[in-house]
Amino acid sequence: MNEVGIIQKDALRTTFISYLGLILGYLNKGVLFLIFLSTEQIGLLSLILSVGLLFAQFSNLGTSYTVWRFFPFLRNKDKQNFGFFQFSILVTLIGIMVFTILSVILKDFICSLYLEKSKLFVDYYYWMLPIGVSYALFMTFDVFLRGLYKNIISVIATELILRLIVTGAIILYALHWIGFFELLVLHSLSFAAPTFILALQLFRNKELHWRMSKIEIPKRFKRIMFSYTAYSYINFIGIMVVISIDTMMVASMVGLKATGVFSTIIFIVSGLLIPYKSLVRISSPFVAKYWKERDMTRMSDLFTRISSIGLVIGLGTFLVFWGNRFEIFHFLPPEFSDGMIIFLILMIGRIADMYCGLNGVIFVTSKKYKYDLIFTLFLLLSVYFLNLFLIPKYGIFGAAISTTAAYIFYNLCRLVFVYFAYKIHPFKWSQLVIIALFLIVLALFEWIPVLFGIELLSIGIKLIVVSVLFLVPIYWLKLDNDVVEYTDSMIKKVFK
């Protein structure tokens with residue numbers, strides 16, 4: 001099967017699994033959390049998760065990017081990939097030990113930032129470690145499986161199994177069989193399950209090697225890897241800090257209740273990204289492959305294809321979410337009443353990210369990856385100082401503005417650099433027609449009334465409107481060939 005076929009096949013599967021996971025996630029965060037937990041408790045779980053994931057990114061020491069970039073060069077099953085797996089695990093374990101020690105040493109300083117507004121976090125600080133350690137190892141296992149073009153198991157582990165465990169924990173709490181502390185502990189320990197599942201999958205594929213004596217990576221290659229890893233690590237940390245910093249600064253400056261609202265809105269918005277994440281997840285290994293083969297024609301074609309598909313997915317799901325905003329927020333508690341504008345701002349940033357396609361993947365796997373560090377540091381400083389200025393004045397509204405503005409400018413800068421460096425970009429004129437159609441349908445949505453009391457019917461009507469007025473014209477009028485070809489292929493795979 002060729003690259004496009006693999007991307008379409010796995011993207012369909014991962015999208016389907018991810019949507020099942022999204023349903024479970026909404027059941028957990030959008031229903032069960034809101035029914036059985038206070039907003040402050042939701043904020044605490046979200047903050048511990050954010051800090052734990054940030055710990056994982058630090059502890060990984062850039063291993064994910066290194067495997068992603070160099071695995072195509074070292075892949076050799078007969079020679080156990082020159083010990084690349086063992087080497088990556090060794091680096092990750094060293095990172096886990098170093099940052100575990102640092103988290104103990106810096107505990108008082110970190111907790112002092114939350115003592116006034118989010119005191120509960122101080123009491124449960126160390127429960128971010130199980131999340132961080134588990135996810136650091138998961139990232140390394142996951143990227144190896146992706147390099148082997150085995151994408152499905154990771155998605156099943158995180159989107160389904162992990163969320164089912166959380167669902168079970170919430171049900172136990174709702175039945176008063178466990179208290180909130182036990183729920184928090186189960187929530188933190190549950191992240192070990194996906195890691196264990198991926199380890200089993202690697203073992204089944206005879207890729208789980210532990211003998212350090214089998215590390216035979218050539219010295220010259222190691223020097224290149226260390227140089228790449230050092231820059232990529234700093235760059236990756238910057239990106240992950242940007243992702244986590246909103247939740248952490250809201251908790252520090254406003255409190256856990258605001259954190260609960262903000263993190264729930266972020267989760268709702270994440271529904272936009274599921275199909276696009278599936279595409280990027282499957283496409284990323286091929287970007288590294290095209291660099292190895294110096295095939296800029298296929299690189300440019302993939303760049304444009306993913307951008308067009310991402311644009312349609314982003315605009316289509318935006319219409320569904322924004323058109324049903326009153327129905328969606330009608331189900332949420334009163335403290336979420338100001339969430340609509342946060343929802344809108346965050347959605348704009350996500351669509352811009354999707355439209356820019358694979359620019360980030362292409363950049364960080366190219367020979368000019370070092371320049372991306374400049375853009376990331378600019379992004380990090382922009383988000384931090386904008387948050388520092390806007391959150392005290394406008395709360396979570398300010399956090400949403402700062403992140404969206406910084407992300408849009410960040411993507412534009414990277415796109416310009418990739419274009420001048422490699423003469424490729426993801427845009428074409430047909431995308432403007434799609435944007436114009438989107439604006440027309442968006443305006444029409446404002447004329448459709450909200451059927452309060454029968455919200456599900458209202459949502460169903462608007463789903464039909466999006467399909468008939470936006471998605472069907474794009475397909476039948478062939479407004480974008482890449483989208484039409486992709487849709488045809490996906491339809492064939494669904495029926496097959």
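The values are calculated or read from the model by the stated rules, or taken from the named source; none is laboratory data. Given the structure is predicted, the values throughout are model-derived calculations rather than measurements. Virtual Cβ from ideal backbone geometry, glycine too; neighbours counted across all protein chains shown.
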Which residue pairs have Cβ atoms under 7 Å apart, sit 6 or more places apart or on different chains, and have a first residue in the range 92-118 that is within 16 Å of I48 (Cα to Cα) and modelled with pLDDT under 90 and a second that is of a type outside the set (K, R) and not in a helix (DSSP H, G or I)?
K117/V254; K117/G255; S118/G255
Note on F326: of the conditions (1) more than 26 Å from L444 (Cα to Cα); (2) surrounded by fewer than 21 Cβ atoms within 10 Å (Cβ to Cβ), unmet is (1)
For the range 192-207, check the following and say yes or no: at least one residue is under 19 Å from the mean Cα position of the chain (by Cα), surrounded by 17 or more Cβ atoms within 10 Å (Cβ to Cβ) and among the acidic types (D, E).
no
Pairs with Cβ under 7 Å, 6+ apart, first in the range 152-170 and closer than 21 Å to I282 by Cα, second acidic (D, E):
I152/D10; S154/D142
Residue tally, condition buried (at least 16 other Cβ atoms within 10 Å of the Cβ) and of a type in the set (D, E, K, R), over the range 81-137:
1
Only one of L386, L344 is more than 17 Å from I245 (Cβ to Cβ) and not acidic (D, E), namely L344
Which ones in the range 248-263 are surrounded by fewer than 24 Cβ atoms within 10 Å (Cβ to Cβ) and among the β-branched types (V, I, T)?
V254
Among residues of the range 375-401 being among the hydroxyl-bearing types (S, T, Y) and free of Cβ contacts under 8 Å to residues at least 60 places away in the same chain, the residue surrounded by the fewest Cβ atoms within 10 Å (Cβ to Cβ) is Y394
Pick out, from the range 306-415, the helices (runs of 4 or more DSSP H) lying fully within it that include 2 or more residues that are in contact with a Leu (Cβ under 7 Å, 6 or more places away or on another chain) and either modelled with pLDDT of 85 or more or farther than 28 Å from K257 by Cβ (or both).
339-355
Confirm whether F303 is over 19 Å from V441 (Cα atoms) and surrounded by 20 or more Cβ atoms within 10 Å (Cβ to Cβ).
yes
